[in-house]
Amino acid sequence: MVAEEDLESEKKEIIRRYRRLLRKAKPILKDGDAKIIKKAFNTSMEAHSGMRRRSGEPYIFHPLEVAEICISEIGLGTTSIVAALLHDVVEDTDYEIEDIERLFGKRVAVIIDGLTKISGVFDQGSSQQAENFRKMLLTLSDDVRVILIKLADRLHNMRTLESMPRHKQLKIANETIYLYAPLAHRLGLYAFKSELEDLYLKYSEPEVFEDIAGKINETKDSRNKFIRNFIRPIKDKLNALNIEYEIKGRPKSIHSIWNKMKKQSVPFEEVYDLFAIRIILNVSFKDEKAFCWQVYSLVTDYYQPNPDRLRDWISIPKANGYESLHTTVMSDTGKWVEVQVRTTRMDEIAEKGYAAHWKYKDGKTTDETGLEMWIAKVREILEQNNANAIEFVDDFRSNLYSDEVFVFTPKGDLKTLPQGATALDFAFDIHTEIGEHCLGAKVNQKLVPLNFELKNGDQVEILTSNKQKPNESWLQYVVSSKAKSKIKDALKEERKVFIDEGREIVKRKLKQLKIEYKQTVLEEIANYFNVKSPVDMLYLVGTGKIDHSLIKSFVKNKKTVVEKPSVRGAKDVEEKLSRVRKTDSDLLLLGEDLDIIDYKFAKCCNPIPGDDVFGFVTVSDGIKIHRTTCPNAAELLANYGYRIIKAKWASSRKHSFEATLSIIGTDRMGLVSDVSNIISEELKVNMRSLSINTEGGIFEGLIRLYVEDTSHIDTLTKKLEKVNGVVKVSRSN
Ligand code: MN
């Protein structure tokens with residue numbers, strides 16, 4: 001129970017936060033707006049009254065914060081504030097969409113509907129999360145604000161993830177890295193994207209996060225000093241331009257620094273581009289380009305630029321609307337540093353993306369910009385795609401992060417395609433018909449095959465033939481999600497014809513043999529021919545790849561149907577666990593529960609005691625235990641919530657586990673024996689194999705050994721790193 005006086009002070013806090021929201025919204029409010037926001041606030045208050053967040057705070061804090069993020073971090077307007085305040089009302093309280101429409105009108109109701117999760121039952125093999133992603137992406141064609149508010153909602157949930165139980169933290173964090181961060185990136189919301197990625201790291205690898213965050217903080221002074229020294233020689237010339245400007249040193253996000261450390265396997269200290277110098281000019285719209293290039297020329301007159309690293313996103317902005325001029329120059333300290341030149345307008349678009357873009361667009365440019373073209377394209381894909389939801393989300397996100405290539409039609413129209421796009425992608429981008437009948441292409445007047453990879457500036461003419469049609473191998477030729485889904489559709493259409501044919505043949509055959517045509521029989525036949533599913537079997541019969549006369553021999557060898565494994569989802573496992581233990585605990589205890597439930601350790605990440613882990617119910621191979629840092633974890637956790645089992649290591653140390661250590665150092669006589677002595681004698685560890693490669697005085701080794709848990713590895717690593725000549729020891733999969 002909350003005491004009386006606490007309730008009083010809580011009420012005051014709610015009012016205080018509501019006023020803060022109004023204050024921030026003030027500059028954009030028009031007549032009557034304040035009234036409608038107040039109505040939304042009161043409705044939300046009433047609907048959520050008595051509800052609390054996991055942290056114990058009143059629930060209304062959440063919609064209030066989400067609304068505030070919408071205004072101050074994305075720059076959205078009144079309709080979005082109203083929708084943000086009401087975003088959880090339909091999902092979590094007795095209100096229906098109809099009530100919202102009656103009270104706040106059609107527009108708000110459409111947005112809220114898009115923000116409400118689907119409930120209900122889904123096919124096997126599908127996933128509720130993926131269906132929800134898909135539904136959310138589909139609403140892009142109704143109103144982009146749905147996605148923006150959803151991102152604000154997600155950001156606030158990530159900021160308050162602390163109070164959630166561990167398995168929920170992992171699920172939410174993985175969904176975030178799997179879909180929401182890429183989405184923010186694609187919409188040009190850089191600040192959002194970096195914060196979402198950093199928060200993901202904070203919960204998925206807390207120690208790494210703390211370590212890097214601490215080091216960024218420690219190096220702040222030397223960074224500022226570096227920037228002061230960098231600017232000194234060009235300051236006078238900058239001032240002589242007579243414009244307002246600002247210079248910032250932007251450290252890269254923790255997540256992107258971590259990625260660099262992993263990719264180049266270097267420590268924090270050796271990541272060379274920890275930050276970029278940003279010069280922001282406050283000039284009028286028509287002078288932007290001229291001043292940006294003047295500043296570029298000032299900088300590169302003094303500092304030597306790297307010609308490979310010049311990026312002009314002012315003449316051709318990125319498809320998400322990003323504009324800026326980037327160059328990398330050699331500083332006086334002998335270090336490369338990236339310099340970004342842009343205007344205040346460009347900077348705001350870069351941080352706030354979509355919404356800021358609209359703010360500036362009013363009356364200033366008439367071109368259809370990259371962003372609008374992108375939204376039109378996404379819309380098109382969404383409306384035509386009928387693949388299953390997981391496949392769909394996967395195709396969609398694979399296009400989110402990729403860079404772009406710019407090419408021209410024969411008439412000189414500019415087309416933007418994902419990096420790696422081929423002539424065939426281009427054909428599908430022009431029109432589905434042209435894609436399906438594409439024979440080849442002429443690129444810059446030269447004849448090229450379908451899978452020719454396009455480069456910036458290529459001019460492409462597509463050659464077609466009525467006889468041409470898509471085949472399986474085309475899927476290897478394309479990278480754009482549009483072309484992929486179109487080819488899949490066409491192949492499905494063709495496959496359907498063969499399946500129908502196969503079905504007729506099998507029916508006829510079974511009739512002759514006096515066997516009833518039914519699903520279980522089809523499954524037996526599929527098993528007999530070693531085919532994945534009855535449908536695949538029908539297809540193979542239809543194409544003649546399975547000789548239908550062989551069905552007779554199936555009947556002769558007919559045995560009883562093999563029973564399917566009984567485990568279908570996490571629920572079954574959890575029920576079984578609590579039934580056997582006769583308690584409520586549904587946690588899988590690794591090392592103790594093996595007699596109740598069969599599980600195996602995943603080969604992709606080789607978990608050992610001490611690792612953060614979860615169980616995953618696979619379709620045909622029982623339960624697999626993965627590390628939460630496994631490369632496959634994000635996909636599994638984000639898409640298959642119903643198959644995830646909470647798992648923990650039992651404290652007893654009975655087993656040993658295989659792990660691999662990679663070891664790097666400078667070669668010297670006797671080093672190998674020193675290393676293996678430490679392993680086998682001092683630490684009494686059982687070594688399985690040791691392979692060493694030496695080249696040019698450097699040695700690299702992989703040691704496979706049996707250990708008890710992670711602390712065992714830590715001790716071993718520390719000991720090995722003390723060996724004279726050893727530079728680095730780390731765990732590898
Ligand atoms: Mn919410």
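Let's see how each residue does on (1) among the basic types (K, R); (2) over 22 Å from the mean Cα position of the chain (by Cα); (3) closer than 26 Å to S711 by Cα; (4) not in a strand (DSSP E or B):
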| residue | (1), (2), (3), (4) |
| --- | --- |
| C605 | no, no, yes, yes |
| I608 | no, yes, yes, yes |
| D611 | no, yes, yes, yes |
| F616 | no, no, yes, no |
| D621 | no, yes, no, yes |
| A647 | no, yes, yes, no |
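Summed over the stretch 156-168, the residues that are away from the ligand (no atom under 16 Å from the Cβ) and not charged (D, E, K, R) give a count of 2.
Restricting attention to the stretch 162-171, does a residue exist that is closer than 17 Å to I254 by Cα and surrounded by fewer than 20 Cβ atoms within 10 Å (Cβ to Cβ)? Give the derivation first.
Narrowing the stretch 162-171 to residues closer than 17 Å to I254 by Cα: none.
No.
Residues that are under 21 Å from A319 (Cβ atoms) and surrounded by 17 or more Cβ atoms within 10 Å (Cβ to Cβ) within the stretch 433-458 comprise G435, L454, D458, listed in sequence order.
Within the stretch 97-140, the set of residues being at pLDDT below 65 and either part of a loop (DSSP other than H, G, I, E, B) or among the acidic types (D, E) (or both) comprises I118, S119, G120, V121, F122, D123, Q124, G125, S126, S127. Of the strands (runs of 3 or more DSSP E) that lie entirely inside the stretch 314-416, those containing 3 or more residues that are modelled with pLDDT of 65 or more and in contact with a Gly (Cβ under 8 Å, 6 or more places away or on another chain) span 404-408. E695 meets the conditions (1) within 32 Å of the chain's Cα centre (by Cα); (2) exposed (fewer than 13 other Cβ atoms within 10 Å of the Cβ) in every case but one. The failed one is (1). Scanning the stretch 712-729 for residues that are outside any helix (DSSP H, G or I) and open to solvent by 40 Å² or more (accessible area, probe 1.4 Å) turns up K722, N724, V727, K728.
Picking from residues in the stretch 37-55 that are more than 19 Å from E96 (Cα to Cα) and in contact (Cβ under 8 Å) with a residue 60 or more places away in the chain, the one that is surrounded by the most Cβ atoms within 10 Å (Cβ to Cβ) is R53.
Being open to solvent by less than 80 Å² (accessible area, probe 1.4 Å), touching a residue at least 40 places away in the same chain (Cβ under 8 Å) and in the same structural domain as S324 (by TED's automatic domain parsing) holds for only one residue in I280, I247, and it is I280. Across the stretch 212-235, the number of residues qualifying as in contact with a helix residue (DSSP H, G or I) (Cβ under 9 Å, 6 or more places away or on another chain) and touching a residue at least 60 places away in the same chain (Cβ under 8 Å) comes to 2. Exactly one residue out of E197, E207 is of a type in the set (D, E) and either more than 24 Å from K318 (Cα to Cα) or open to solvent by 30 Å² or more (accessible area, probe 1.4 Å) (or both): that is E207. Working carefully through the options S72, S9, find the one that is farther than 23 Å from D94 by Cβ, more than 16 Å from the ligand (Cβ to nearest atom), surrounded by fewer than 15 Cβ atoms within 10 Å (Cβ to Cβ) and over 36 Å from the mean Cα position of the chain (by Cα). One residue alone meets the criteria, S9.
The values are calculated or read from the model by the stated rules, or taken from the named source; none is laboratory data. Just so it is clear, the model here is predicted, and its values are computed rather than measured. Virtual Cβ from ideal backbone geometry, glycine too; neighbours counted across all protein chains shown. Surface areas here come from the heavy atoms of the whole protein model, side chains and all, with no ligands, DNA or RNA. Shrake-Rupley method; radii C 1.70, N 1.55, O 1.52, S 1.80 Å.
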